[in-house]
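Structure record follows, encoded as structure tokens.
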Amino acid sequence: MKSQFISLAARNLWKRKVRSALTVVGITLAVATIFVLVSISLGLQAGVEEQFRKLGTDKFFIFPKGQVAGPGTDSAASLTDVDIQTIEKVSGVKGLSFFKATNAKIEFNKEVRFFPVIGFPLEKERAQIFSENGAFKTEEGRELKEGDTTDIVIGAQYKHNAVFSKPVKLGDTFTINNQEFKVRGITETQGNPQDDRIILMPLDEFKFLFGDDGTYDEFIVQVEDLATIKEVAERVERRLRSSRDVTEKTQDFSILTPEELLGTFGDVLGVLTVFLVAIATISVLVGAIGIANTMYTSVLERTKEIGTMKALGAQNSEILSLFIIEAGILGLIGGSAGILMGASLAYTIEYVAANILAISLVQAAFPLYLFLNCAGFAILIGALAGALPAYRASRLNTVDALRYE
């Protein structure tokens, strides 16, 4: 009997194929929107977690408070050599690195651009901690080492993404603040434009070019045992408060562990995802209203047909089932089309981000449950939207329905 209802419902929809198609469009767009948003959100979360795995879980980070725009920007506070000495004496600290950053005028092939430049220490242990923190592994050439002076390592976009009119290669020369530097290495793609356009140079050269005020933009602290990272970070925080003569309320620096950074990002991503899905819900409502309108119109057009079915013995529950099945089919078709459209759009966004914008963090995720949930959601919306018109159809009086013109 159910198969007969499905067959009859499909034939009824096909008779009104133009109206049915227009109704399906609303559900298609709604499901596609939700699919894209969830797919990109899941992919972005996975990409960020992968980046944090690359950084390692045995390091935490110290920033001066007031540095709202990231390293290289003005801050009300500062980190100094005295802080370095204080931190290195704390139990559980294995090593420490630091860097200074700024935006600088870069000249290459008679072209001028402005990009971030970072200076970091080249002593073996400090350089290794810095390199691990940024995951700045070289794709070509070599990393900077002790003894390098006018040498730099540049991000992947200079080679792959035409930052200048021609790709940069090993051995080329950049002019930074009227000082020439030789390109010794090109990093692997990091996944975001800022890191992939970075220029790394020896800290001493950085100080020579941009001045040395005795401060640093960030500390990277490595612990001896990653299981104690939280305890070590708390000890460092207490020691720094004491040496800087500040209290918890007047503290002028911030300490973040990888878990805290990941948690903060997750919270922001979660809020953003909820906000975007809330917007997409408007599309869902529009699609549901379209289905309800189509079903109400169908009930009016088929009033006499409903009367005939009842006169031949059809029960109210059977009339109700027939119309709900029709609405569900509309939802299923719209949902299936929406899933295909959403998957295509999500893949396109990932492709454009990776190959044109060079942003590998923007990824699309396609877990099986996303497909199943979107399909089930579309069918449910269709059935719910058609429930009231279906109920009205099932309650029609047989005699009145037969007389309807």
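FYI, it's all coordinate maths here, none of it is from the lab. Everything numeric here is computed off the predicted structure, so don't read it as measured data. Using ideal geometry, Cβ is built from the backbone for each residue, glycine included, and neighbour counts are taken over all protein chains shown.
Descriptive notes on the structure:
- Relative contact order of the chain, defined on C-alpha pairs under 8 angstrom at six or more residues apart (%): 28 percent
- Cleavage-rule hits (GluC sites (Glu not before Pro)) in segment 234-300: DSSP loop, at most 16 neighbouring Cβ within 10 angstrom: Glu248
- Alpha-carbon centroids, segment 222-247 and segment 270-344: separation in whole Å: 59 Å
- Lys/Arg +1, Asp/Glu -1 at C-beta; the chain dipole; positive extreme among Phe120, Gly335, Gln157: Gly335
- Of the residues Ala375, Ala77, Ser7, the one whose Cα sits farthest towards the positive end of the charge dipole of the chain is Ser7 (charges of +1 on Lys and Arg Cβ, -1 on Asp and Glu Cβ, taken about the Cα centre).
- Between helix 316-355 and the chain: long-axis angle, C-alpha atoms, 0 to 90°, nearest 10: 20 degrees
- Rounded to the nearest 20, the size of the Cβ-charge dipole of the chain about its Cα centre is 2440 debye, with Lys and Arg at +1 and Asp and Glu at -1.
- Asn293-Val271 FRET efficiency (beta carbon distance; Förster radius 25 Å; 0.05 resolution): 0.15
- Most mobile of Val18, Val274, Val153 in a GNM of the chain (Cα contacts under 10 Å): Val18
- The HN-Hα couplings worked out from phi for segment 289-298 by the Karplus form 6.51 cos²θ - 1.76 cosθ + 1.60 (θ = phi - 60°) are 4, x, 5, 4, 5, 4, 5, 4, 4, 5 Hz, whole numbers, x standing for Gly and Pro.
- Taking amide H positions as modeled 1.01 Å from N, with prolines and chain starts lacking one, the residues under 5 Å from Glu218 and 5 or more places away or on another chain are Phe99.
- Structure note, pairs Lys105/Lys230; Lys65/Lys207; Lys94/Lys166; Lys105/Lys249; Lys89/Lys249; Lys17/Lys310: Cα-Cα distances above 31 angstrom occur for Lys105/Lys230; Lys94/Lys166; Lys105/Lys249.
- As a proxy for reagent exposure, Asp151, Asp245, Asp81 were ordered by neighbouring Cβ count within 10 angstrom, fewest first; the result is Asp245, Asp81, Asp151.
- Comparing Ile186, Ile198, Ile282 in a Gaussian network model of the chain where C-alpha atoms under 10 Å apart are linked, the largest mean-square fluctuation is found at Ile282.
- Near the amide H of Gly95, within less than 5 Å, lie the amide hydrogens of Gln222, all on another chain or at least 5 residues away, with H placed in the peptide plane.
- Extension gain, Thr281 back to Arg241 (0.36 nm per residue minus Cα-Cα distance, nm): 9.6 nm
- Interchain or long-range residues, amide H under 5 Å from Ala77's placed H: Lys65
- The long axis of helix 2-15 is offset from the longest Cα principal axis of the chain by roughly 90 degrees.
- Charged neighbours of Tyr216, selected by a Cβ distance under 9 Å, balance to -3 (K, R count +1; D, E count -1).
- Within the chain, DSSP assigns beta bridges of which about 80% are antiparallel (rounded to the nearest 5).
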